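Shown next, in structure tokens, is the structure this report addresses.
The values are calculated or read from the model by the stated rules, or taken from the named source; none is laboratory data. Please read all numbers here as calculations on a predicted model, not as lab measurements. All Cβ positions, glycine included, derive from the backbone under ideal geometry; neighbour counts span all protein chains shown.
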Amino acid sequence: MHNGHVAIGGDGQATMGNTIAKSNVRKIRKLQDGKIVVGFAGSTADAFTLLDRFDEKLSAYGGNMKRAAIELAKDWRTDRFLRRLEAMLITASKDELLMVSGTGDVIEPDHQVAAIGSGAMYAQSAALAMKKFAPQLSAEEMVRESLHIAADICIYTNHNLIVEKVG
């Protein structure tokens, strides 16, 4: 989130161990007619299962993203099948940004910057620096540049980027 705008991005790399399995995975999805954007990291099949469950929770709770995320995290932590899933989610609406994990965490990140996955700390560091030293950039430009920096450093991150804006 930056200057009233929200963008989420992801690279396209899927790995199996230390081998690139696919270079153009779409890790970003729009839900609720584009009002909510979700990004994932981790096992792709697990993430798609969680995305489906999150979408169900959004429908059950009238599009209330925070409530849906909390209910998903509760199920994820306690359900015998779901708790074996290995993925993380970032969810964003025009007003909220959340990170959701299988350990029951629903985190509103500091500084309105969130990152998950192999290159997360590189991308997050770059985004925080840009928010501080290049505030004239748009949220979308910050996401794109942060992911390019992560891809330059992290061998599990590539430059095949998808960036989506909320709304």
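Summary table
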quantity	calculated
Given (1) at pLDDT below 95; (2) among the charged types (D, E, K, R); (3) in contact with a strand residue (DSSP E or B) (Cβ under 8 Å, 6 or more places away or on another chain), number of the condition residue 66 does not satisfy	(1)
Given (1) under 18 Å from residue 28 (Cα atoms); (2) part of a loop (DSSP other than H, G, I, E, B); (3) touching a strand residue (DSSP E or B) at 6+ places or on another chain (Cβ under 9 Å), number of the condition residue 159 does not satisfy	(3)
Residue match in the range 36-43 (condition: touching an Asp or Glu at 6+ places or on another chain (Cβ under 6 Å), within 20 Å of residue 144 (Cβ to Cβ) and modelled with pLDDT of 95 or more)	yes
Among (1) at pLDDT below 95; (2) of a type in the set (Gly, Ala, Ser); (3) within 30 Å of residue 145 (Cβ to Cβ), the one test that residue 125 misses	(1)
Count of residues meeting criterion [over 21 Å from residue 59 (Cβ atoms), surrounded by 15 or more Cβ atoms within 10 Å (Cβ to Cβ) and more than 13 Å from the chain's Cα centre (by Cα)] in the range 16-42	1
So residue 103, is it surrounded by 14 or more Cβ atoms within 10 Å (Cβ to Cβ) and either over 12 Å from the mean Cα position of the chain (by Cα) or not small (Gly, Ala, Ser) (or both)	no
Some residue of the range 64-84 being among the aliphatic types (A, V, I, L, M), under 16 Å from the mean Cα position of the chain (by Cα) and loosely packed, with under 15 Cβ neighbours inside 10 Å	no
Some residue of the range 119-140 being in contact with a Phe, Trp or Tyr (Cβ under 7 Å, 6 or more places away or on another chain) and touching a residue at least 12 places away in the same chain (Cβ under 8 Å)	yes
From 147, 137, 128, residue being of a type outside the set (Ser, Thr, Tyr) and not in a helix (DSSP H, G or I)	137
